[in-house]
Amino acid sequence: MQPIETELVVVGAGPGGYAAAFYAADLGKKVILVEKDKRLGGVCLNVGCIPSKALLQATHLITETRESAHRGITFGPPTVDLARLRAWKESILEKLAGGVAFLAQKRGVQVLRGRGYFEDSQTLRVETEEGQKFIRYQHAIVATGSLPAMPKVFDLGNPRVMTSTEALEVEEIPPRLLVVGGGYIGMELGTVYAALGSEVVLVEALDRVLAGADPDLSRPVVQRAQKAFKEIRLQARVLSMATAGKQIRVVIEYNGQKLEELYDRVLVAVGRVPNTEDLGLENTKVQFTDKGFIKVNEYMQTDDPHIYAIGDVVGGALLAHKAHKEARIAVEVINGEESRFENIVIPAVVFTDPELAWCGLTEAEAKERGIPHEVARFPWSASGRALSFDRTDGLTKLIVDPESDRVLGVGIVGHGAGELIAEATLALEMGATAEDIALTVHPHPTLSETLMEAAEAYYGYATHTL
Ligand code: FAD
């Protein structure tokens, strides 16, 4: 069979893969985008960022209306129509995936539906519905993403034991839900189910949840989750699980005891693993890290000169915007441009209630690495806008280099922190000093003023704190 010839083939149409394909087409390259799933958009669009945020946003409504009585506004108890909630969420995904397909078509990117498999360094075999197709390419970008980790102890083959993918389907509201893992996925989805009415118990093996964030920033999130969830158990470990009729029997080691409990569903959110199975990479020169991610350098090049890799499959921060940035770098390098992944600020956001976001250096990292730093804080209890939102459980803090006043890191917890961190990311990218932020006029009354006030606090003249 005559192979299809192309300049670039991209395997995987997630936020990394489709961004790479689109950018390369914009630069005039002949591009084929290979995707095995029926909808484009990858994990992020279909079973990750977008559906989780849609559900979080919808269920925040429940929490907000429950908490409005002291403002003189009361509602009756909410009723939840799961079928309509699912349909609404699904309509968003359809719209976005349709948009990606439209943009691919308009750019002349050929989308090939099927599973890609590397036959050698320059040949990809694709199993399509019409049979096998072979693509000969000059360059390939692997963007096959990641999959939820499912350690053996949880793998009962019982649909009541869910990963995030199934949990996002919200098939039902389980009366008792066990969430295993206190990372951002466990905390976000625990928040959704608790708002819907499930009794949520979360177990985390470490001594704190959201371990990547500074403790003063995760505190407001934990305090609220402790009220919303039935219990958060730290340094707790699931020893075994078994099907017990329509429930799951779980044995948990906690506080020196072995607790045997029944749950209606279990959500396993203990991390993600690179998606490199059945890809045929052993037929190329591509190498892997000791954790199984594809090994790349700062140019997104693998050990095979024809193959680049980006996104979750190369590890680092498993985030859509990191995948997107890497897509740009890989395409620019393939296009012969000077580009590399170096000193790039990747913000992290946890869309819990309240939201938690940070970028650059955390205070804990600065201490651990012995980096000279000063911390300036602005508590949201002093923000008029936070008071008008009725959400003063927030904090904005800057980590500053005392020598140069350069901002090394920013952390924000509070309503809308995910939006606010963008200004901080720009400040870090531009090498801003605390003075740059302090002297920039911020609109009043907004939560963005908390960044300015934290910067002012660094110099000891914040208007609204002492
Ligand atoms: P993916 O999005 O994983 O896409 C990979 C694509 O490759 C898939 O479509 C897959 O079908 C395809 N593929 C795999 N193998 C083959 C093959 N052999 N042939 C053809 N196609 C193949 N990130 C954020 O930044 N913000 C968030 O709020 C956020 N929330 C999340 C919530 C949840 C519940 C989860 C699970 C993840 C979330 N993420 C979030 C992470 C984000 O989804 C990922 O970082 C992002 O999707 C990675 O993009 P990617 O392009 O590397 O791969």
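The values are calculated or read from the model by the stated rules, or taken from the named source; none is laboratory data. Since we're looking at a predicted model, the values are computed, not measured. Here the Cβ is made from the backbone with ideal geometry for all residues, glycine too, and neighbour counts use every protein chain on show.
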When the residues of region 306-358 are filtered to those that are farther than 30 Å from residue 195 by Cβ and of a type in the set (Gly, Ala, Ser), which remaining residue is farthest from the ligand (Cβ to nearest atom)? 336
Taking the condition farther than 21 Å from residue 16 by Cβ, of a type outside the set (D, E, K, R) and either within 15 Å of the ligand (Cβ to nearest atom) or in contact (Cβ under 8 Å) with a residue 60 or more places away in the chain (or both), does residue 144 pass? no
Meets criteria (more than 23 Å from residue 118 (Cβ to Cβ) and in contact with a helix residue (DSSP H, G or I) (Cβ under 8 Å, 6 or more places away or on another chain)) for residue 222: no
Taking the criterion of being of a type in the set (Ser, Thr, Tyr), closer than 30 Å to residue 17 by Cα, out of contact with any Cys (no Cβ under 9 Å at 6 or more places or on another chain) and surrounded by fewer than 23 Cβ atoms within 10 Å (Cβ to Cβ), would at least one residue in region 369-390 satisfy it? no
Evaluate region 420-429: report whether one residue or more is under 25 Å from residue 227 (Cα atoms) and outside the structural domain of residue 183 (by the TED database). no
Please specify each residue of region 94-109 satisfying the condition of being within 23 Å of residue 9 (Cβ to Cβ) and within 14 Å of the ligand (Cβ to nearest atom). 97, 100, 101, 104
Picking from 62, 50, 73, which residue would you name as being of a type in the set (Val, Ile, Thr), assigned to a loop (DSSP other than H, G, I, E, B) and either without any contact (Cβ under 8 Å) to a residue 60 or more places away in the chain or out of contact with any Asp or Glu (no Cβ under 9 Å at 6 or more places or on another chain) (or both)? 73
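For region 429-453, what are the residues that are outside any loop (DSSP other than H, G, I, E, B) and among the hydrophobic types (A, V, I, L, M, F, W, C)?
434, 437, 438, 439, 451, 452
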Of the residues 423, 456, 403, which single one is part of a helix (DSSP H, G or I) and either modelled with pLDDT under 95 or farther than 25 Å from residue 353 by Cβ (or both)? 456
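Quick grid of which residues meet (1) of a type in the set (A, V, I, L, M); (2) surrounded by fewer than 23 Cβ atoms within 10 Å (Cβ to Cβ):
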residue	(1), (2)
1	yes, yes
11	yes, no
16	no, no
20	yes, no
24	yes, no
31	yes, no
36	no, yes
56	yes, yes
61	yes, yes
Looking at (1) away from the ligand (no atom under 15 Å from the Cβ); (2) in a helix (DSSP H, G or I); (3) modelled with pLDDT of 95 or more; (4) surrounded by 13 or more Cβ atoms within 10 Å (Cβ to Cβ), which is the only condition residue 91 fails? (4)
Does residue 208 meet the test of being surrounded by 15 or more Cβ atoms within 10 Å (Cβ to Cβ), more than 16 Å from the ligand (Cβ to nearest atom) and outside any helix (DSSP H, G or I)? yes
Mind checking whether some residue in region 49-64 is within 10 Å of the ligand (Cβ to nearest atom), acidic (Asp, Glu) and in the same structural domain as residue 136 (by the TED database)? no
Answer yes or no as to whether residue 68 is within 19 Å of residue 197 (Cα to Cα) and within 16 Å of the ligand (Cβ to nearest atom). no
Being away from the ligand (no atom under 11 Å from the Cβ), β-branched (Val, Ile, Thr) and touching a Phe, Trp or Tyr at 6+ places or on another chain (Cβ under 9 Å) narrows it down to one of 80, 31, so name that one. 31
In the list 366, 376, which residue meets the criterion of being part of a helix (DSSP H, G or I) and touching a residue at least 40 places away in the same chain (Cβ under 8 Å)? 366
Within region 386-445, considering residues that are farther than 17 Å from residue 372 by Cβ and of a type in the set (D, E, K, R), the one nearest to the chain's Cα centre (by Cα): 419
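So, in region 288-304, of the ones that are in contact (Cβ under 8 Å) with a residue 24 or more places away in the chain and in a loop (DSSP other than H, G, I, E, B), which residue ends up farthest from residue 10 (Cα to Cα)?
Result: 291.
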Return a yes/no flag: does region 12-26 have any residue that is more than 16 Å from the ligand (Cβ to nearest atom) and among the small types (Gly, Ala, Ser). yes
